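First comes the structure, then the notes that go with it.
The values are calculated or read from the model by the stated rules, or taken from the named source; none is laboratory data. Note that this is a predicted model, so its numbers are computed, not measured. Every residue, glycine among them, receives a Cβ derived from its backbone with ideal geometry; neighbour counts consider all protein chains shown.
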Amino acid sequence: MDFFQHQERARRKTGLLVLYFFLAVVAILVCVNLALLLAFAWMDVQLPPSQWLTHPMTLGISLFTLLVMVCGCLFKIWKLRRGGKGLAAMLGARPIDPDTRHSDEKKLINVVEEMSIASGIPAPQLYVLDKEKAINAFVAGFRPSETVLVVTHGTLKKLDRDELQGVIAHEFSHIFNADMRLNLRLIAVLAGILALGKIGEFMLRGSSRRSSSNRKGNSLVLVALALVVVGYLGLFFGRLIKAAISRQRELLADASAVQFTRNPAGLAGALIKIRNGNGSHLDSVHAEDMSHMCFGETLGFRFRNLLATHPPLDERLGALGSDWVARARTRARSAGQPDVSPSASVPEGVAAFSGGSDASSSVSEGSGPATSSRVGTVSEADVGYARSLLEAIPADLHKKLHNPVQAELALYALIISSSDSDPQSLLKSAGMSEHLSALQPLSQQLSELGSRLRLPIIDLALPTLKGQPSAQRREILERLATLTRADQRTTLFEWALVALARQQLDDHARRNRHTRFHRYRAVTGELQLAFSVMTWASGARDEQARALFRQASHGLLPEARTLLPLSQCSSQRLGQALDRLADLSPLLKGPVIDGLADLVLTDGKVQVSEAEMLRAMAALMECPLPPLFAGNQNR
């Protein structure tokens with residue numbers, strides 16, 4: 001199953017979640033009515049059974065119950081309106097300073113940056129739960145470009161680099177598989193289901209403070225107890241829903257993590273430390289809310305085989321390789337710990353993740369239109385290439401990119417270094433002359449590094465700026481746009497830089513996206529523009545350009561849609577077109593990415609400017625694309 005199939009499956013599971021929620025609501029409504037009607041009978045309120053379904057009291061109870069559940073849902077949605085940042089704030093997580101001096105945090109930043117460049121996904125904003133000593137982590141957000149990664153203090157202190165990389169790769173796979181948005185929706189749905197129990201607990205505490213011995217007071221206690229019981233019934237349904245949706249996704253994320261790193265020992269080592277150590281359970285009062293989205297179980301309970309959100313640890317280890325469970329037991333014995341974990345058989349079809357998959361092997365130059373199969377994947381070659389890019393960035397520059405002020409200047413310097421205009425006149429035209437002394441040496445340094453490092457530098461600078469106040473981010477975007485227009489021309493690289501910056505820094509771009517278009521004909525004009533821009537970017541002209549356009553867009557556009565003149569291919573129109581194409585149904589995006597890649601590959605080689613253009617267009621369509629043909633790009 002590729003990236004686009006995973007995205008489509010996640011979209012359909014949202015509908016399944018709605019069905020589960022409806023069934024849980026019906027079951028809870030029935031139980032609430034039965035419980036409260038018994039309480040009214042205790043109060044000598046006469047109500048014949050034949051009138052239960054039509055009596056105004058029954059209807060009122062049902063409406064009240066439904067209103068409480070819907071309000072509980074809406075309240076949680078409001079609290080999580082900021083996506084991953086809202087959840088991190090709710091948990092009290094501390095943001096990690098990109099310029100931190102803490103060695104464990106620097107190790108995490110390095111691993112995340114490496115995985116980000118290798119996958120084409122913007123680096124998530126990093127948070128740590130300082131009070132949690134167990135090993136656990138999760139990602140959250142509505143979109144890949146607006147993701148947060150939260151790790152516990154125990155994860156930073158107890159895992160070595162390989163083990164940490166395995167956990168991070170597991171979490172990145174949840175981003176690829178579109179699990180994050182579903183996880184946030186699941187939190188909101190379960191909050192509604194559990195709302196009645198919360199009200200019952202509140203009523204029970206209130207009634208316990210009153211020394212009331214009358215029948216009415218006792219009835220109030222009974223009503224509160226009934227609501228608490230129904231709340232636990234809701235908890236049962238909630239865990240059942242989470243188990244139905246989450247368990248197989250964890251095995252899939254483990255498989256993807258091993259394919260990304262080609263190092264099953266890293267992920268297995270992390271799982272063994274959870275198994276033989278202090279586990280992954282969290283002390284947070286929100287451990288139940290987030291149990292379905294963490295790397296490991298957040299709490300323990302009975303009926304684990306039915307209600308657990310994660311497969312047993314031995315099952316996950318067995319899926320990584322037949323000997324990992326034995327190694328875990330050996331390590332437990334050598335540490336003087338009793339081995340109490342039950343033996344688990346490996347489900348058919350998930351064993352031997354460590355054997356790899358041809359689907360994730362790197363694509364060689366000239367291999368044809370298989371680009372969409374690389375979207376949302378990471379190969380060993382991609383990770384190695386990303387590591388080499390990071391090592392090629394001078395240490396002093398790498399450190400500057402973790403400082404907000406210096407990261408902002410680096411973006412301006414990238415534009416200056418890629419322009420043929422004189423830096424002084426360029427900055428004067430943009431009204432930024434005061435930055436000349438800082439930007440001139442920085443742009444000279446970036447120019448000497450060559451164009452191969454331009455995208456990695458952008459990938460490092462933008463996450464640093466995400467934490468800045470909204471007004472400052474808007475000011476940065478305005479300056480970038482002004483600087484690109486200062487010489488009266490916009491290059492492909494300048495467009496790509498500004499487009500990626502807007503995607504990650506613009507408040508408007510942070511909205512939760514929804515699939516709106518299920519047919520290509522709904523976005524024919526946008527497709528025509530995107531293919532026209534990429535055709536002109538390939539360097540083809542005249543009849544060759546028209547033939548290339550027809551070949552690449554065949555099957556996606558009607559014959560009447562021909563290559564647009566270059567004068568009609570403005571960067572503003574392209575940005576608007578890609579914003580609409582991002583709302584295509586996931587399965588329709590793959591052929592579009594393949595067609596655009598065909599235009600890049602038409603001459604058998606990939607220029608850096610073309611790779612930057614394709615990468616930016618794919619990113620704006622929410623399709624994270626790894627570096628094209630690692631190591632084979634021409635300068």
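Can you pull out every residue in segment 379-413 that is among the aliphatic types (A, V, I, L, M) and assigned to a loop (DSSP other than H, G, I, E, B)?
Matches in segment 379-413: Ile393, Leu401.
Please go through segment 109-126 and give me each residue that is under 13 Å from Glu171 (Cα atoms) and assigned to a helix (DSSP H, G or I), ordered by number.
Within segment 109-126, Val111, Val112, Met115, Ser116, Ser119 meet the criteria.
Of all helices (runs of 4 or more DSSP H) completely enclosed by segment 414-524, which ones contain at least 2 residues that are hydrophobic (A, V, I, L, M, F, W, C) and farther than 30 Å from Gly86 by Cα?
Hits in segment 414-524: 423-429, 436-449, 492-505.
Looking at Ser433, Ser470, which one is hydroxyl-bearing (Ser, Thr, Tyr) and either free of Cβ contacts under 8 Å to residues at least 12 places away in the same chain or assigned by TED's automatic domain parsing to the domain that holds Glu114 (or both)?
Ser433
Could you pull out the residue among Gln551, Gln572 that is assigned to a helix (DSSP H, G or I) and farther than 14 Å from Ala499 by Cβ?
After ruling out the rest, the residue left standing is Gln551.
Can you name the residue in segment 395-442 that is surrounded by fewer than 16 Cβ atoms within 10 Å (Cβ to Cβ) and among the small types (Gly, Ala, Ser) and, of all such residues, is nearest to Asp487 (Cα to Cα)?
The residue in question is Ser421.
Give segment 583-613 a look and list any residue that's modelled with pLDDT of 85 or more, surrounded by fewer than 22 Cβ atoms within 10 Å (Cβ to Cβ) and either in the same structural domain as Ile117 (by TED's automatic domain parsing) or under 22 Å from Arg502 (Cα atoms) (or both), or say none.
Asp583
Kindly establish whether Thr464 is over 23 Å from Val148 (Cα atoms) and in contact with a helix residue (DSSP H, G or I) (Cβ under 7 Å, 6 or more places away or on another chain).
Answer is no for this residue.
Residue-by-condition table, conditions (1) at pLDDT below 85; (2) in contact with a His (Cβ under 7 Å, 6 or more places away or on another chain); (3) part of a helix (DSSP H, G or I):
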| position | (1), (2), (3) |
| --- | --- |
| Phe260 | yes, no, yes |
| Ile274 | no, no, yes |
| Asp283 | no, no, no |
| Gly296 | no, yes, no |
| Arg302 | yes, no, no |
